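Heads up: the structure comes next, in structure tokens.
Readers should treat all values here as calculations from the given coordinates under stated rules, not as data from a laboratory. Note that the structure is a prediction, hence the values are computed from the model and not measured. As a convention, Cβ positions derive from the backbone with ideal geometry for all residues, glycine included, and neighbour counts pool all protein chains shown.
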Amino acid sequence: MTIGMVLALLCGLALFLYGVTLLGDGLNKIAGGKFEAILARLIGSPVKSVLIGAVFSAIVQSSTATSIIAIGFLNSGMMQLSQAAYMILGSILGSSVTGWIVSLTSLGTGGGLTDVLSVANLTALVAIAGIFLRKFRKGARDNNIGNLLLGFVILMTGMTAMSAAVEPLQHNERFLSLMTDFSNPLLGFGVGLVFTAVIQSSAAAVGILQALSMTGAMTFSSAFPILMGIAVGGAVPVLLSVLGSRANEVRAALMHLLMDICGAVLCMAVFYIANAVRPMALADSTMNPVSIALVNTVFRLFTVVVLMPLVPALVKITGAFIREPAEKEETLPALLLLEDKFLKYPTLALAQVSNAIHSMANVAADGINGVGQMLQGYSDELFEKMEGIEDECDAYEDALGNYLMKVMRHELNQQEDEEASLMLHAISDFERISDYAMNMAHTLKELEEKKMNFSDKAHQELAVAQTAVTQAVNMTQNAFETKEPVITRKIVVLSGVIDDLCEEMRQHHNRRLQDGTCTLEQGISFNDIIGNYENTVDRCRKLAYMLLELAEGTYGVHDYNRKVDLLDKDLSEGLAREYRSRFSLDFD
């Protein structure tokens, strides 16, 4: 094999891999980046999970991508480890579809109609359609369809280039001898495994095997063990993607490897034992691209059928091998979900961010609750706890902000872009809420150091305001998680009531200053706390309005606040009366 042939083969391989990538990305963009969200809703029973994994893998032309998405769902709590295992099992079957697309290169060899439908003619027509959509149509959907068609063209061009590169080998005696050597099960298996691990694409490895089969020198006994090795080598990219990851991710990747190994070993055992008992003519039959695609699909279907009942056992085996580390992670657990391997799938990456923001909101709410505890009785332990809460929120803000910026560098659809923008605001709002809580903690610490106390009336009023603000923060946390418009409207109303409440507290304080019940220095601290309460509910109200805008499809419309008040006037007035009654300063 000359240097020119090797370079031509590598060039064809590069085109093939790029074509597969374009094909999968094009399909995903046509769906508006919603494949991952659809998967999350459809995953259910074992059979359904297997089918979803197979279909998705066929669409994106990658079992590795499907496995990574399954791992993402596992991390975010959208599915259990067993469900991820069934989805990964289905991806093993779905990845065989690329072989059938590649087998189109065998069209046009029989004359007549098959010449008209040859791969060259088909590719030319698809190329013309793809270029037309890319160059002469302005819509994003048309451009994505054009990319998909051009991906198919590049894939087929790469396959044709690989076939042309190896065509001279059909008369090469050394090559023919090598094909005979590959009939050795261990040698053939090893070659398939190592080659696939190196190029990190089982689809491309099968494609090269199909190209070699067009020389007419490959028999079933040579192709079969190579296909088995290719299947096992296909798990290598998934294993590499979870290096240094959490235990559950490693378990899922290890299950992918175990499934491939078990399927290959069982299938090889069945064939070689049956062939030893009664030699089959199949072993010496000449292979072509279609027969290789067929054998690859039958093997993968065999793997799915045989291993489906064994998935629970595989889950237990991986659980026994991979255990959670006993030591405590320095990184906040929710931030461990923010992994770069999910950035290729914005819907999935945003789901990880949303889960982490929920955890951040819990921490911020703990800060507000801590203020209530300090109002009841100051202690240095409580103050240190408040400092820890602020540090946690700062860590969340840095990590989430940086990760979201990485997500937003990828191509997002309108819904994903709006969700990402909302999340950036939410991160800032929850971090500021923790800052306001810390401000109040410093104020209360200063009072303790000066041996000063608020008057009984001031304490009672602060307790009412604290309860109202705590409810507003908890409702905001709940609204962000559920996206429930009813809750967000309640936040808007409650925040208005709290604003009035704080103003009333200032008036009461001025009267206490006049009658000497409170001192000016106490008043400064009292007003500091009230101001932080107001700032807190301002953040809650701002986030509530953005959630309402997103739910109503009017995100970013500046006069939406006024429209909500007009549309929900009766409801707002009723809620306001209820909240004023509940958080009244009338203690008589």
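Provide the per-residue ³J(HN,Hα) series for the stretch 208-220, in order, calculated from phi with Karplus coefficients 6.51, -1.76, 1.60 and θ = phi - 60°, each as a whole number of Hz, with x at glycine and proline positions.
Once rounded to whole Hz, the list reads 5, 4, 5, 5, 5, 5, 6, 6, x, 9, 9, 9, 4.
Would you mind ranking ARG506, ARG246 by Cβ crowding within 10 Å, fewest neighbours first? Write out the running numbers ahead of the final one.
Working: ARG506 13, ARG246 19.
Ranking ARG506, ARG246 by Cβ neighbours within 10 Å, fewest first, gives ARG506, ARG246.
Past the 21 Å Cα-Cα mark, which pairs from LYS385/LYS406; LYS457/LYS542; LYS385/LYS490; LYS385/LYS445; LYS48/LYS344?
LYS385/LYS406; LYS457/LYS542; LYS385/LYS490; LYS48/LYS344
Whole number please: convex hull volume per residue of the Cα set in the stretch 253-297, in Å³?
Enclosed volume per residue, from the Cα hull, is 72 Å³.
For ALA274 and CYS11, compute 0.36 nm times the residue count separating them, minus their Cα-Cα distance, and round to one decimal in nm.
90.7 nm
Whole-Hz ³J(HN,Hα) for each residue in the stretch 495-509, computed from phi via Karplus 6.51 cos²θ - 1.76 cosθ + 1.60 with θ = phi - 60°, x for glycine and proline: what do you get?
Residue by residue, the stretch 495-509 yields 5, x, 5, 5, 4, 5, 4, 5, 5, 5, 5, 5, 5, 4, 5 Hz.
Tell me, what ³J(HN,Hα) does each residue in the stretch 310-321 have, in order and in whole Hz, if you take phi through Karplus 6.51 cos²θ - 1.76 cosθ + 1.60 with θ = phi - 60° and put x for Gly and Pro?
9, 4, x, 5, 5, 4, 5, 5, 5, x, 6, 7
Compute the Cα gyration tensor for the stretch 415-489, then decide on rounded, prolate or oblate, letting a ≥ b ≥ c be the square roots of its eigenvalues: rounded whenever a/c is under 1.5, prolate when a/b is larger than b/c in the other cases, and oblate in all that remain.
oblate
If you stretched the chain out fully between LEU282 and LEU424, how much longer would it get, using 0.36 nm times the residue separation minus the C-alpha to C-alpha distance?
That pair, LEU282 and LEU424, stretches by 45.0 nm at full extension.
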